[in-house]
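Novice: Here you go, one structure.
The values are calculated or read from the model by the stated rules, or taken from the named source; none is laboratory data. Note that the coordinates shown come from a computational prediction; the quantities given were computed from them, not determined experimentally. We place every Cβ from the backbone using ideal geometry, glycine too, and count neighbours over all the protein chains shown. These accessible areas exclude ligands, DNA and RNA; they are computed on the full protein's heavy atoms, side chains included. Shrake-Rupley method; radii C 1.70, N 1.55, O 1.52, S 1.80 Å.
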Amino acid sequence: MAQRFQLGDNVKIAIIGAGAAGLIAAKNLRDIGLFQVEVFEELDSVGGTWIYQEDLSTTGYFQSSMYRDLHTNLPKEIMGFLDFPFDDSFDASSFPSHQVVLNYLVSFCRNFRLYELIRFRCFVRNISKLEENGSIRWDVTIYDSRRQQEDKKRYDAVVVCNGHYTKPFIPKIPGSDWFSRPIIHSHFYKTPEPFCKLRVAVLGAGNSGVDISYEIRRVASKVSLCHRKCAVRKTLSDNLEECPTIEYLDKDGKVYLADKSTLQVDVLLLCTGYEYDFPFLDSSCEVSVQDNVVFPVYRHLIHAKYPTMSFVGLPIRILPFPLFDYQTRYLAAVYRGRCELPSCDKMLAEQQQQISLLESKGCKKYYHFFADKQWEYCRELADLADGPTLSCAVQQVYEDAAKFRKKEPEKYRRRKYVIYGKGPKDWRVFENQVDVTL
Ligand SMILES: Cc1cc2nc3c(=O)[nH]c(=O)nc-3n(C[C@H](O)[C@H](O)[C@H](O)COP(=O)(O)OP(=O)(O)OC[C@H]3O[C@@H](n4cnc5c(N)ncnc54)[C@H](O)[C@@H]3O)c2cc1C
């Protein structure tokens, strides 16, 4: 049986994290006007991932994986939240630096008066579930590092927005125990200089693997970008090659590849992604992560057993800020009682079914990978929440930028996108001021 899930007036909602997901969750839930929203942020500023931390050894639990020279890999013209365009007043380029994105998030926060909802330097240590007068509540234990004090507060709902780029996924590569060269995860990559004149093997050719390979090649003697989709070694430019994936590591920096060829390297850089991690959810929350799938979540968002707990930003390979916006508008509509949820059993069964299907194809770990399916997902949420829909122009620009990023990983950021409407053709792309829209 479907459930209309209405939280009463004046309910208290805790949001964990003041990155992009936590900020838009705070805005959309506060804007309903019925809920008391409080955001807990471990750091002393907003922005999460977009805060560049040069020295990770001195920071607390949250460590940003941002690197010094990073520029966005998506055009800023499509990156912004729905009510706050990321326009040229922030930066003229379509692919600005991380600092510009951070400035955007700070402006967003000021513009919508979100600062008053955020408690900085408050690290959420524990969340546990309890039953009170027949309703589920959440006890949130916070450590306030300014006052050096622990507090416990009770909430009617909890929105988890702690990000998922802090716990590196380290693959088990045979030989890594005796490999005598440094093995570093991209999470700790900050600048190319330490790789000067070195022979570097990079494992993984996702966005970070490709981007970092091109950065490092400016100073390294050689960069070998190893990944599963490459069958034979190919030279990409003078000191950058693409290679099959790594099979095992030997002593003295020898790396064996899937095509049985070898590399001699000075350092191995793992660009192998991250794992979901919710160290503050205790067992009473009944949340687990198996093979990089968060369970049990309905629509990758709402705890299927206890819908007053939700997770914003789980999907990967997406247009993040707009998708977080759609998720939290939908969440607000659910908590306000405007959208029905299926019964708990139905929500659990739906996720289980989707996972079983992927398991049968051997790709369960890609459950939260969206890519093409993000458009239908966002449009469905927009429809349910009765909000603005995602425009065809945004989708077209995303797809065009992705295509060109793949084709020209070093040049794609020179392009400038202009969107002037919502239709599929209402955008242009310029290169050296020449219109190159297909
Ligand atoms: C290298 C890299 C490049 C990227 N490039 C792009 C790009 O070009 N365009 C784009 O749109 N997206 C990009 N992304 C994706 C980016 O991560 C998202 O856009 C977005 O910033 C994620 O926001 P979030 O709020 O989910 O997580 P985060 O930004 O990670 O924020 C999580 C927040 O939660 C806080 N927190 C965590 N645990 C606790 C706790 N226990 N108590 C209190 N606070 C806590 C953290 O301090 C942090 O502030 C990139 C990501 C990476 C890693």
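Novice: Any residue that is more than 22 Å from Tyr412 (Cα to Cα), of a type in the set (Phe, Trp, Tyr) and open to solvent by less than 80 Å² (accessible area, probe 1.4 Å) - is there at least one of those in segment 213-231?
Specialist: Among the residues of segment 213-231, not one is more than 22 Å from Tyr412 (Cα to Cα), of a type in the set (Phe, Trp, Tyr) and open to solvent by less than 80 Å² (accessible area, probe 1.4 Å), which makes the answer no.
Novice: Can you spot a residue in segment 95-108 that is more than 13 Å from the ligand (Cβ to nearest atom) and without any contact (Cβ under 8 Å) to a residue 12 or more places away in the chain?
Specialist: The answer is no; no qualifying residue exists.
Novice: For Arg137, which of the numbered conditions (1) in a strand (DSSP E or B); (2) within 14 Å of the ligand (Cβ to nearest atom) fails to hold?
Specialist: Failed condition: (2).
Novice: Still on this structure, I have one more. Could you please find all residues in segment 80-107 being part of a helix (DSSP H, G or I) and either among the hydrophobic types (A, V, I, L, M, F, W, C) or farther than 19 Å from Ile24 by Cβ (or both)?
Specialist: If the condition is that a residue be part of a helix (DSSP H, G or I) and either among the hydrophobic types (A, V, I, L, M, F, W, C) or farther than 19 Å from Ile24 by Cβ (or both), then Gln99, Val100, Val101, Leu102, Leu105, Val106 are the ones that fit.
Novice: Would you pick out the residues in segment 321-350 that are more than 22 Å from Ala18 (Cβ to Cβ) and part of a helix (DSSP H, G or I)?
Specialist: Passing the criteria: Ala333, Val334, Cys344, Asp345, Lys346, Met347, Leu348, Ala349, Glu350.
Novice: Of the residues that sit in segment 256-292 and are open to solvent by less than 40 Å² (accessible area, probe 1.4 Å) and among the aromatic types (Phe, Trp, Tyr), which one is nearest to Val202 (Cα to Cα)?
Specialist: Tyr276
Novice: Would you please name the residue that is nearest to Gly209 (Cα to Cα), looking only at residues in segment 32-89 that are out of contact with any strand residue (DSSP E or B) (no Cβ under 8 Å at 6 or more places or on another chain) and aliphatic (A, V, I, L, M)?
Specialist: Across segment 32-89, the extreme among qualifying residues is Met66.
Novice: Here are Gly60, Gly33: which of them is small (Gly, Ala, Ser), surrounded by fewer than 21 Cβ atoms within 10 Å (Cβ to Cβ) and away from the ligand (no atom under 15 Å from the Cβ)?
Specialist: Gly33
Novice: List the pairs whose first member sits in segment 78-89 and is over 21 Å from Glu399 (Cβ atoms), whose second member is more than 9 Å from the ligand (Cβ to nearest atom), and whose Cβ atoms are under 7 Å apart, counting only residues at least 6 apart or on separate chains?
Specialist: Phe84/Phe108; Phe84/Asn111
Novice: Tell me yes or no: at least one residue of segment 180-196 is closer than 30 Å to Ile127 by Cα, out of contact with any Gly (no Cβ under 7 Å at 6 or more places or on another chain) and assigned to a loop (DSSP other than H, G, I, E, B).
Specialist: Checked against the condition, which is being closer than 30 Å to Ile127 by Cα, out of contact with any Gly (no Cβ under 7 Å at 6 or more places or on another chain) and assigned to a loop (DSSP other than H, G, I, E, B), segment 180-196 yields no hits at all.
Novice: I would also like to ask the following. Select from segment 3-15 the residues that are open to solvent by 10 Å² or more (accessible area, probe 1.4 Å), of a type in the set (A, V, I, L, M, F, W, C) and either within 16 Å of the ligand (Cβ to nearest atom) or farther than 27 Å from Arg121 by Cβ (or both) and list them in ascending order.
Specialist: Across segment 3-15, the qualifying residues are Phe5, Leu7.
Novice: Filter segment 345-369 down to the residues that are touching a residue at least 60 places away in the same chain (Cβ under 8 Å) and either open to solvent by less than 50 Å² (accessible area, probe 1.4 Å) or among the acidic types (Asp, Glu) (or both), then identify the one that is nearest to Ser310 (Cα to Cα).
Specialist: Among those that are touching a residue at least 60 places away in the same chain (Cβ under 8 Å) and either open to solvent by less than 50 Å² (accessible area, probe 1.4 Å) or among the acidic types (Asp, Glu) (or both), it is His368.
Novice: In segment 45-57, what residues are open to solvent by 30 Å² or more (accessible area, probe 1.4 Å) and more than 10 Å from the ligand (Cβ to nearest atom)?
Specialist: Residues satisfying the conditions are Tyr52, Glu54, Asp55, Ser57.
Novice: Going through Arg147, Arg154, Arg125 one at a time, which residue ends up being among the basic types (Lys, Arg), in a loop (DSSP other than H, G, I, E, B), surrounded by fewer than 20 Cβ atoms within 10 Å (Cβ to Cβ) and at pLDDT 95 or above?
Specialist: Arg147
Okay, residues lined up against (1) closer than 23 Å to Ala21 by Cβ; (2) among the acidic types (Asp, Glu); (3) more than 22 Å from the chain's Cα centre (by Cα):
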| site | (1), (2), (3) |
| --- | --- |
| Ile136 | yes, no, yes |
| Cys161 | yes, no, no |
| Asp211 | yes, yes, no |
| Leu225 | no, no, yes |
| Lys229 | no, no, yes |
| Asp238 | no, yes, yes |
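Novice: Okay, moving on. When you go through (1) part of a loop (DSSP other than H, G, I, E, B); (2) crowded, with 22+ Cβ neighbours inside 10 Å one by one for Ala205, which number turns out not to apply?
Specialist: Tallying (1) part of a loop (DSSP other than H, G, I, E, B); (2) crowded, with 22+ Cβ neighbours inside 10 Å, Ala205 fails exactly one: (2).
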